[in-house]
């Protein structure tokens with residue numbers, strides 16, 4: 001569904017503070033994928049995802065989404081933005097309506113839908129993110145941080161996008177709120193396998209739990225692009241560009257350094273339990 005080729009972007013071209021932020025970016029994200037974009041602060045992650053729903057226009061290159069090059073002059077940007085939903089970091093700061101219902105309904109109402117259609121979409125989106133109907137009549141400002149984040153995501157989902165982009169979806173949340181949001185995003189993708197989800201995160205644990213595919217940026221360039229196991233098996237390279245690997249992967253590297261013959265692509269605790277049980281107990285299993 002998403003094909004980016006030779007994308008370049010320069011801030012303030014021709015001005016004294018001209019700076020190139022993205023360099024010859026190319027990648028593909030297949031339909032229904034769950035992809036993560038990772039990189040250190042200033043690597044170009046947020047700039048890149050803003051290109052994917054045409055909030056920012058590239059200096060050069062192409063971005064093809066669902067067969068449409070959104071860079072072309074005649075591209076229907078309204079249609080693009082209804083199909084590619086972008087949830088900014090700290091999206092709850094954008095909540096402004098009197099009730100949760102009205103906030104979620106804002107997008108569908110601007111699409112000119114009937115009240116019956118709007119209600120259907122609000123209830124559907126609220127259900128997708130785990131918001132109970134009794135919260136819909138409340139002010140969004142009365143809710144917890146995690147609940148506000150869900151309302152903001154539901155507001156994008158109510159437009160039924162084919163692609164959902166989340167910029168640091170757990171930023172600023174406490175551990176409970178973070179686990180709730182991650183769990184809901186994971187369930188949402190499983191239940192709607194036709195939706196492509198792209199999320200930006202600095203948490204390698206979150207990436208390991210959710211992603212199927214990782215794109216790594218460094219100083220505005222794609223330096224790695226592959227499946228999760230493949231990327232985390234390159235821990236030394238990640239460290240050199242200021243990134244880390246999940247703690248369970250670091251433990252695995254330590255075992256390898258001590259001479260233990262074990263595969264390097266272990267990146268979740270559940271996977272580690274099975275591999276460690278086979279290695280240290282001589283049997284298959286999920287507990288050790």
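The values are calculated or read from the model by the stated rules, or taken from the named source; none is laboratory data. All of these numbers come straight from a predicted model, not from anything done at the bench. Using ideal geometry, Cβ is built from the backbone for each residue, glycine included, and neighbour counts are taken over all protein chains shown.
Any idea which residue in the stretch 130-159 is nearest to residue 30 (Cα to Cα), counting only those that are at pLDDT below 90 and part of a loop (DSSP other than H, G, I, E, B)?
Per the stated criteria, the residue is 130.
Of 217, 182, which residue is on the phi < 0 side of the Ramachandran plot, surrounded by 17 or more Cβ atoms within 10 Å (Cβ to Cβ), assigned to a helix (DSSP H, G or I) and touching a helix residue (DSSP H, G or I) at 6+ places or on another chain (Cβ under 7 Å)?
182
Are any residues in the stretch 25-54 over 19 Å from residue 226 (Cα atoms) and out of contact with any helix residue (DSSP H, G or I) (no Cβ under 8 Å at 6 or more places or on another chain), and if so, which ones?
If the condition is that a residue be over 19 Å from residue 226 (Cα atoms) and out of contact with any helix residue (DSSP H, G or I) (no Cβ under 8 Å at 6 or more places or on another chain), then 41, 42, 46, 47, 50, 51, 52 are the ones that fit.
Okay, residues lined up against (1) surrounded by fewer than 18 Cβ atoms within 10 Å (Cβ to Cβ); (2) in contact (Cβ under 8 Å) with a residue 60 or more places away in the chain; (3) out of contact with any strand residue (DSSP E or B) (no Cβ under 8 Å at 6 or more places or on another chain):
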| site | (1), (2), (3) |
| --- | --- |
| 13 | yes, no, yes |
| 16 | yes, no, yes |
| 20 | yes, yes, no |
| 25 | no, yes, no |
| 31 | yes, yes, no |
| 35 | no, yes, no |
| 45 | no, yes, no |
| 48 | no, yes, no |
| 51 | no, no, no |
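Go through the stretch 97-122 and give me each residue that's without any contact (Cβ under 8 Å) to a residue 12 or more places away in the chain and part of a loop (DSSP other than H, G, I, E, B).
Matches in the stretch 97-122: 112, 113, 114.
Keeping to the stretch 188-204, report how many residues are touching a residue at least 12 places away in the same chain (Cβ under 8 Å), assigned to a helix (DSSP H, G or I) and either out of contact with any helix residue (DSSP H, G or I) (no Cβ under 7 Å at 6 or more places or on another chain) or within 16 Å of residue 1 (Cα to Cα) (or both).
Looking only at that region, the number is 3.
Please determine whether any residue of the stretch 1-8 is free of Cβ contacts under 8 Å to residues at least 60 places away in the same chain, over 20 Å from the mean Cα position of the chain (by Cα), surrounded by 15 or more Cβ atoms within 10 Å (Cβ to Cβ) and farther than 30 Å from residue 192 by Cβ.
Yes, there is a match, as at least one residue in the stretch 1-8 is free of Cβ contacts under 8 Å to residues at least 60 places away in the same chain, over 20 Å from the mean Cα position of the chain (by Cα), surrounded by 15 or more Cβ atoms within 10 Å (Cβ to Cβ) and farther than 30 Å from residue 192 by Cβ.
Taking the stated definitions as given, is residue 191 surrounded by fewer than 21 Cβ atoms within 10 Å (Cβ to Cβ), over 27 Å from residue 9 (Cα atoms), assigned by TED's automatic domain parsing to the domain that holds residue 171 and modelled with pLDDT under 85?
yes
Of the residues in the stretch 71-96, how many are at positive phi and surrounded by 19 or more Cβ atoms within 10 Å (Cβ to Cβ)?
So the answer is 0.
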